[in-house]
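These notes concern the structure reproduced below.
The values are calculated or read from the model by the stated rules, or taken from the named source; none is laboratory data. Here the structure is a predicted model, which is why all the values come from computation and not from measurement. So basically every Cβ, Gly included, is an ideal-geometry build from the backbone, and we count neighbours across all protein chains shown.
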């Protein structure tokens with residue numbers, strides 16, 4: 001009696017390449033770690049992978065990060081001004097006196113709002129990532145309608 005083994009059946013059909021689900025792509029768009037929050041949305045928008053769901057979240061995430069960067073710079077303007085005053089005095093040879101030390105104290109106080117804003121943004125990004133991984137279509141106020149236009153809806 002002849003037995004069949006795997007060699008007798010011929011070449012197996014190659015496995016399909018693993019596709020990343022739209023929910024996974026959408027969730028990764030919001031992950032604020034190691035530039036994933038920029039690279040994944042650009043990948044989704046440029047390749048069109050993941051369909052409308054992933055494209056919407058990619059556009060929303062990119063717009064959100066651009067808005068975060070701009071708002072952070074606006075929050076930090078007083079910090080930059082105080083920082084510039086101290087170092088201008090140091091480089092011109094002026095003695096750093098009580099006013100400069102007061103500016104240094106205000107510099108650290110000015111960092112608090114930026115840190116709070118950064119933590120709030122991080123928590124909101126994680127919330128959006130969890131929702132996107134779950135398949136929810138959460139719209140960020142103001143930014144969501146522009147993301148819909150970019151995603152082609």
Q: Return only the number of the condition from (1) at pLDDT below 90; (2) under 20 Å from residue 23 (Cα atoms) that residue 87 does not satisfy.
A: (2)
(Q) Looking only at region 1-26, count every residue that is at pLDDT 80 or above and surrounded by fewer than 22 Cβ atoms within 10 Å (Cβ to Cβ) and tell me the total. (A) 6
Q. Given (1) modelled with pLDDT under 85; (2) surrounded by 11 or more Cβ atoms within 10 Å (Cβ to Cβ); (3) part of a loop (DSSP other than H, G, I, E, B), where does residue 49 come up short, assuming only one miss?
A. (1)
Q: Go through region 141-151 residue by residue and tally those that are at positive phi and assigned to a helix (DSSP H, G or I).
A: 0
Q.
Any residue that is closer than 26 Å to residue 25 by Cα, part of a helix (DSSP H, G or I) and modelled with pLDDT under 90 - is there at least one of those in region 123-139?
A. no
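Taking the conditions exactly as written (at pLDDT below 85, under 30 Å from residue 151 (Cβ atoms) and in contact with a helix residue (DSSP H, G or I) (Cβ under 9 Å, 6 or more places away or on another chain)), does residue 75 satisfy them or not?
Judged against the criteria, residue 75 is a match.
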Q: Return the pairs, sorted by first residue and then second, in which the second residue is assigned to a helix (DSSP H, G or I), the first residue lies in region 47-69 and is free of Cβ contacts under 8 Å to residues at least 12 places away in the same chain, the beta carbons are less than 8 Å apart, and the residues are 6+ apart or on different chains.
A: 48/55
Q) If you check every pair at least six apart or on different chains, which have Cβ atoms under 8 Å apart with a residue in region 117-140 that is at positive phi first and a residue that is surrounded by 15 or more Cβ atoms within 10 Å (Cβ to Cβ) second? A) 135/23; 135/53
(Q) Pairs please, first residue from region 19-34 and under 12 Å from residue 128 (Cα atoms), second anywhere and outside any helix (DSSP H, G or I) and at pLDDT 85 or above, Cβ atoms under 6 Å, 6+ apart in sequence or on different chains. (A) 23/135
